[in-house]
Amino acid sequence: MNNLIIETKQSELEKVCAKLYEIEHSRNYEEFYSFIKTTEVPFIPCYTKNAKIIHQECFRTLHKIGEISIPVSIALSMHYYILASLSSYPFSIKSKQYWKREMLLKKIEKERLLIANTGSVRTFKDISGNKSIIAQKQEGGYLINGEAPFMSLSGVADYFVFTAALSDGDKAVFFAPLDDDGIEFYNSAFGETMQGSFTKSVKFKNLIVSNDNIIKLTDSEDANCEILVYQRSWFQALIPSSYLGASLRVITLLKEFSKRKIKNGKKLSESDSFLNDIGELMIKHKGALQLCENARNCISGFKKGDKLSLEKMFEASVLSKHFSTHFSEEIITKARHLMGSKFLSPNSLTNKIYKEIVYGILQPMTDIDIKEYFGQSIMNNNNT
């Protein structure tokens, strides 16, 4: 079954990429998201619970799409990480959470739903404008009010997922349709630069979510809300794919450029110094991919209730995100130096990627968060 899924997805991915190339000219990204829902590409996590296969296939898809459009790839990574973490988390088969998860995955696959999410914690918060999401218990479900600064796929996704604290101290994952009158989108967060991601701020006003669409994370099920760390690990582990896809595309374009340019009577591609330069770029790209593979192995090796495997998985995902996004930016900058003004030609893919690549480092966890995390870990470790 897993091999059939992979083969089906790979053949359909070619159609998805062809469609995205077409859309990049018209900028009608709504049409692209409508098209991709008709394929199996967005729904791999609905067909298997094997974390290693899910990460491998989601990462490969996002990497390929990232070669064409970072914003679209990033938006789809938001959809993927929610589904991936939901599908592969080892809920007890006897728990309510397990069966609610199964129902949600079947609904998503059957109705071809794209999933958005919100609530990422940012390093700096606006004191006047940062309002948390509040869930108030009522008959049959919860009443949701509050705001969140970022949601990708705003206006094009079908459902959204978010986590909120409950009045009894527990936390819950909420799943609700995005066409509800209680949801308002405003302020395109990054303007035209990340246009294809549809990232906006979102406000909830008296949104009602029924108990059927809530997975409660109780103390008895998970004392430390381990599933939230698991979810964040998936998030960090998939972010690199989009930016590494884009950086590989630039390396390919640099290779083509080197075969057309002549200096001192020979092609640039024949220069020893150029081979050293492009070799350095490939070292960074392949090194980042190795870190991402390590994150994949750590996620697939996670064991519920095992704090060591949870910490190892989380740190591996953070390291893959940190170095991959930095290496990708360094690759793009070096390629700009080598290609010169050609790199910044108006409407060129290299110029577009140059403007978008910087968002990788800024996605949570940011550099400040990551350094603080590892700084605290060493300070709190009495054995070092």
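The values are calculated or read from the model by the stated rules, or taken from the named source; none is laboratory data. Fair warning: this is a prediction, and the values are worked out from it, not measured in the lab. Here the Cβ positions follow ideal geometry from the backbone for every residue, glycine too, while neighbour counts run over all protein chains shown. Ligands, DNA and RNA are stripped out before the accessible areas are found, and what is left, the full protein with its side chains, is counted by its heavy atoms. Shrake-Rupley method; radii C 1.70, N 1.55, O 1.52, S 1.80 Å.
Taking the accessible area of the chain, probe 1.4 Å, and keeping the other protein chains in place, the carbon and sulfur fraction comes to 52%. Relative to one another, the C-alpha centroids of region 40-77 and region 131-181 are positioned 25 Å apart. Over all directions, the projected convex hull of the C-alpha atoms in region 259-384 averages 10.9 nm² in area.
Computed from the Cβ-Cβ distance with R0 of 41 Å, the FRET efficiency linking Ser167 to Lys52 stands at 0.60. Compared with the dominant Cα axis of the chain, that is its longest principal axis, helix 96-111 is turned about 50°. Overall, the anisotropy analysis places region 49-88 in the oblate class: the square-rooted eigenvalues a ≥ b ≥ c of its C-alpha gyration tensor yield a/c not less than 1.5, with a/b not exceeding b/c. The largest accessible area among Trp99, Trp234 belongs to the first residue in Trp99, Trp234, and the rest follow in falling order (1.4 Å probe, all chains).
When the Kirkwood radius is taken over all Cα pairs of region 149-209, what Stokes-Einstein diffusion coefficient follows at 37 °C and 0.692 mPa s, in µm²/s? Translational diffusion coefficient: 261 µm²/s. In this structure, Ser345 and Ser188 have a Cβ-Cβ separation that, at R0 = 22 Å, corresponds to a calculated FRET efficiency of about 0.25. Oblate is the label for region 36-126, because the ratio a/c of its alpha-carbon gyration tensor axes (a ≥ b ≥ c) is 1.5 or higher and a/b is not greater than b/c.
Contact order, relative form, for region 277-384: 23 percent (alpha carbon pairs under 8 Å, 6 or more residues apart, mean separation divided by residue count). Of the labelled figures [x] 21.1; [y] 23.9; [z] 21.9, only one reflects Kirkwood radius over Cα pairs in Å as derived from the coordinates, namely [z].
Of the cross-linked pairs Lys52/Lys205; Lys9/Lys261; Lys94/Lys307; Lys64/Lys371; Lys9/Lys259; Lys137/Lys307, those separated by over 27 Å at the C-alpha level are Lys52/Lys205; Lys9/Lys261; Lys64/Lys371; Lys9/Lys259; Lys137/Lys307.
Under 19 Å between alpha carbons, and skipping anything fewer than 8 positions from Lys200 in its own chain: which aspartates and glutamates qualify? Straight-distance partners of Lys200: Glu30, Glu31, Asp126, Glu147, Asp158, Asp179, Asp180, Asp181, Glu184, Glu192, Glu356.
So what's the angle, to the nearest 10 degrees on a 0 to 90 scale, between helix 307-339 and the longest Cα principal axis of the chain? Roughly 30 degrees, rounded to the nearest 10.
Rounded to the nearest 10 degrees, what's the angle between the helix 226-260 long axis and the longest principal axis of the chain, both from Cα atoms, 0 to 90? It works out to around 20 degrees.
As a calculated quantity, the FRET efficiency between Asp181 and Ser11 at R0 = 45 Å, using C-beta atoms, amounts to about 0.65.
Using a ≥ b ≥ c from the Cα gyration tensor of region 181-311 (square roots of the eigenvalues), is it rounded, prolate or oblate, where a/c under 1.5 gives rounded and otherwise the larger of a/b and b/c decides, a/b for prolate? Oblate.
Highest mean packing first, where packing is the average number of other Cβ atoms within 10 Å per residue, the peptides 17-26, 198-207 line up as 198-207, 17-26. The lysines whose alpha-carbon is closer than 28 Å to the alpha-carbon of Lys263, local same-chain residues fewer than 8 away aside, are Lys255, Lys284, Lys334, Lys342, Lys352. Taking 8 Å as the Cα distance limit and 6 or more residues as the minimum spacing, I'd like the relative contact order of the chain as a percentage. Here the relative contact order equals 17 percent. Only helices enter the 222 nm calculation for the chain: every DSSP H run of n ≥ 4 contributes -39,500 (n - 2.57), and dividing by all residues gives -18500 deg cm²/dmol, rounded to 500.
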